[in-house]
Amino acid sequence: MKRYTMNIQRLFVATLLLISPIVSQAQDAKAAAILDAMSKKYQSFSSFTAAFNYGSDAGVITTKGGKYHLKLAGQEVFNDGKTVATYVKEANEVNISTNDPASNEFSPANIYNIYKNGYSYKLVEAGKAGNAVIDLTPNKGKSSNVSKVRLTISQKDNTLKGWQITDKSGRVQHFKISKFTPNVAVADNQFTFNKARYPGVEVIDLRD
């Protein structure tokens, strides 16, 4: 059960888990302008909540200052910037680990900034349904199991509508934003797992 419990955390760390600005070189100027406008938009928010679909599953994430609380497929992930707690409802079990900022490239709090760190990007399509489609490809030497990230960005309001992540085996994971609410009022304790709210929960502490 421990292996399954950690899968949801690894999914968002390695895939959604989608904030260190390093400017890439020799990029598509049109794509850069769209990406920069999107990044600026999201950085202007103090917090946000996004409902999304991942395949056939529906999820919701709330993020603030790099912290986040994620609900998806019977699991919850709490990340307060120092500790990550992954709770599985079916097993009434929570795994607790130390947050690793280096592994958060694809975190839901960071997806709008990943293009700044080790990716080449290219505008694939613009104008259709008012959206722009941009492909991000890891630069040579970047350690990643990802071969491509495709972002769909609204050209009307510079918000991210969805993204696809293709790994090196050819597997494609789809994420689509169904509702987005910026600048929500959220307390910091929402990002910390509270054992008292989960009677009988088994706590598995994986921290050193």
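Coordinate-derived values only; no laboratory data. Everything quoted here is computed from the prediction, not taken from an experiment. A quick note on method: Cβ atoms are made from the backbone with ideal geometry, for glycine too, and the neighbour counts reach across all protein chains shown.
Structural remarks
- N139-K195 FRET efficiency (beta carbon distance; Förster radius 41 Å; 0.05 resolution): 0.45
- Charge sum, other residues only, whose C-beta stays under 12 Å from L160's C-beta, Lys/Arg counted +1 and Asp/Glu -1: +3
- Cα-based convex hull volume of segment 139-208 per residue, rounded to whole Å³: 233 Å³
- For segment 67-192, the Stokes-Einstein estimate of translational diffusion at 10 °C and a viscosity of 1.306 mPa s comes to 96 µm²/s, using the Kirkwood hydrodynamic radius over alpha-carbon pairs.
- Taking amide H atoms as placed 1.01 Å from N in the peptide plane, the amide H of N131 lies under 5 Å from those of Q155, each 5 or more residues away in sequence or on another chain.
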